[in-house]
Every structure is written in structure tokens, then in C-alpha cells.
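Worksheet for the structure shown next.
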Amino acid sequence: MKVLITGASSGIGMSFAYAFAKRGDELILVARNQKKLENLKHNLTTRSKIIILDLSLPNNCVKLYEQIQNENIDILINNAGFGVFGKFENTNLKSELDMIDLNIKAVHILTKLFYQEFKEKNKGYILNVASSASFLPGPLMASYYATKAYVLRLTEALYKELRIEDKNVYVGVLCPGPVDTNFNHVAKIDFSVKPLNSSFVTDYAIRKMFQRKLLIIPGNSAKILYFIVKIIPIKISMSVTYYIQRKKCKNEIF
């Protein structure tokens, strides 16, 4: 199979690359960091191609699709994204808008283009990477939580549309809790619980994807969170989230 992975230069994206390479799949890897992508390509044991693009620029998402439209992609892993931490009035607006462009617009554009293509062929897999942050509002990371909620709800709706039409196309969403990746450094946070190993997350995700599971939640902590937020009042869950987020902070003054 041929797999397109965005945000492949580090973290979960890189782990996906190694996991699919172990299966013998052919890879197209997309990220901004050319050196990291070249190093990854060198270390992979399967055929791979790298594309250097900043997907926070919406036009680049369209360019990417046009560039690989004839590659006969079987699987899209929509992984590229990052987080911004802090009080809403203090966070940098440009950073937040870049995050929205990457976490929402890039996912939306690539999902739509490949969704249309896969429906025409009546085959294909789309796995969008969200987060357990998508389950509830996130004070002190308000914009990031909101972007991941968008990814979750969009994917759920498309899954239902496909089921109604009885199409042989898969759309699912990966919602891990904290994962041991470079995300922590970019968002300037420390997790208060032990992060999951990224290889465990991607191996689990691929297995569940081929089982055609809609909502993929690796790790017991994230599974427990998913069920808890369904039964407790939203104001209580927001208070708990605020307390947890505040403990993560490295340099914010409250």
C-alpha cells in the first residue's frame, strides 16, 4: 500500500513512518524540516519519498494534493499539528492563527480532497490525528483544544456519511492522551502523567484503523477521560482541566 504521512519529521508522524515501513508499505513523507525528513528516509527500510512543504499555508495543501494526485495513495495520515499554551490574552495571535491553519485548515483540505478521490475509487483510508484534548474545553490551551475538537467532529460526521452510503472508504480519528514527542517542547509544557510511547500509539492506531474503528483511543488514561467527560457537568470538567493545565506550565505566571 502507499501511505501519505503529514508532519512526518518527528513524534507521532515519524513513528507512523517506521510502523508502515515495517509492514513494507511505500511512503510519501511531508514536513517542513528537510534535514529531519532526509535522515528519516535514510533510516527507513522501505521505498519512500519526501516532500518539503509548510502545510500551515493552505495553498501548499492544494499543491501537495496536485503533486501526488497520480501516485494512487491508499492511506492518508493527517498528522501535522502543534499546540500553543497559556492564557488566551497572553498567547501570540500569529502563533495561534498558524496553529489553526495547520491543525484545522490543512486537515480539512487534505481530508476533503482525498475523501472525494477515495469515494470515486470506493477504497482508501483516512486517519486524522486529534487528541484527548478534543473531548472537552481546555482552559490555558483554549485554541489548541478547540482545533482538535474540530478534527474529531468533522471525522465523526464523515464516518456517518460513508456508512449511510455504504462506501468502502474508511475515515477515523486518533485521540491519544499525552505522548512522548517534541510537542511538549513546542507547546512549552510538562505533562503531569507519564506520556505514552509514540511507537505504541502508532502500532495501536494502525491495527484499529484496519479494523475500521471510528474513534481510536490508545492508553487507559485517555479512555477513562473519554467516559468521565460524558457523565460529569461541563463546569466541573473545565475546572479539573484548568488545574491539570496549570500544573503543566513551565514559565507562565498566574
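For residue 33 and residue 74, what does the FRET efficiency come to when R0 = 25 Å and r is the distance between their Cβ atoms, rounded to the nearest 0.05?
Values: r = 25 Å, r/R0 = 1.01.
Once rounded, the FRET efficiency stands at 0.50.
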**Q.** Binned Cα-Cα distance frequencies in the stretch 1-128 - 10 Å width, integer %
**A.** 13, 44, 32, 10, 2
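Leaving out ligands, DNA and RNA, what percent of the accessible area of the chain is carbon and sulfur, probe 1.4 Å?
53
Given all pairs of different Cα atoms, what value in angstroms does the Kirkwood hydrodynamic radius of the stretch 1-69 take? Show your work: numbers first, answer last.
On the way: mean 1/r = 0.0843 Å⁻¹.
Over the stretch 1-69, the inverse of the mean reciprocal pair distance is 11.9 Å.
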Q: Tell me what the chain gives for mean residue ellipticity at 222 nm when only DSSP H runs of n ≥ 4 count, each as -39,500 (n - 2.57), the sum divided by the residue total, rounded to 500 deg cm²/dmol.
A: -15500 deg cm²/dmol
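How much accessible area per residue does the chain have, counting only protein heavy atoms and a probe of 1.4 Å, in square angstrom? Provide the component values of the computation, followed by the final result.
Values: 12590 Å² over 254 residues.
Dividing the accessible area of the chain by its residue count gives 50 Å².
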(Q) Could you check the spin-label model distance between residue 44 and residue 238? Points 7 Å from the Cα along Cα→Cβ, value in nm. (A) 4.3
Q: Grab the Cα-Cα distance for residue 120 and residue 220, subtract it from 0.36 nm times how many residues apart they are, and report the gain in nm with one decimal.
A: 32.3 nm
**Q.** Principal-axis tilt of helix 58-68 within the chain, Cα atoms, nearest 10 degrees
**A.** 30
(Q) For the chain, I need the span (max minus min coordinate) of the C-alpha atoms along each principal axis, in Å, sorted largest to smallest. (A) 51, 43, 32
Q | Relative contact order computed over the stretch 99-242 (Cα-Cα under 8 Å; 6+ residues apart), in percent | A | 26
Q: Give me the number: length gained by fully extending residue 199 to residue 166, i.e. 0.36 nm times residue separation minus the C-alpha to C-alpha distance, one decimal in nm.
A: 8.6 nm
Q: Assign unit charges at the C-beta atoms only (+1 for Lys and Arg, -1 for Asp and Glu), then state the dipole size of the chain relative to its Cα centre in Debye, rounded to the nearest 20.
A: 560
Q) If R0 is 45 Å, what FRET efficiency do you get for residue 1 and residue 95 from their C-beta distance, rounded to 0.05? A) 0.80
Q: Using a 10 Å Cβ count of at most 15 others and DSSP loop calls, identify the longest part of the chain lacking such GluC sites (Glu not before Pro).
A: 90-254
**Q.** Cα long-axis angle, helix 198-210 against the chain (0 to 90 degrees, to the nearest 10)
**A.** 60
Q: Give me the distance between the Cα centres of the stretch 3-70 and the stretch 155-180, rounded to whole Å.
A: 21
(Q) Could you tell me the relative contact order of the stretch 10-100? Use alpha-carbon pairs under 8 Å, at least six residues apart, and round to a whole percent. (A) 23
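Output the relative contact order of the chain, whole-number percent, from Cα pairs under 8 angstrom with separation of 6+ residues.
18
The values are calculated or read from the model by the stated rules, or taken from the named source; none is laboratory data. For clarity, every value in this text was computed on a predicted model and none was experimentally measured. For neighbour counting, all protein chains shown are included, and Cβ atoms are generated from backbone atoms with ideal geometry for every residue, glycine included. Areas reflect the complete protein model, heavy atoms only, side chains present, ligands, DNA and RNA absent. Shrake-Rupley method; radii C 1.70, N 1.55, O 1.52, S 1.80 Å.
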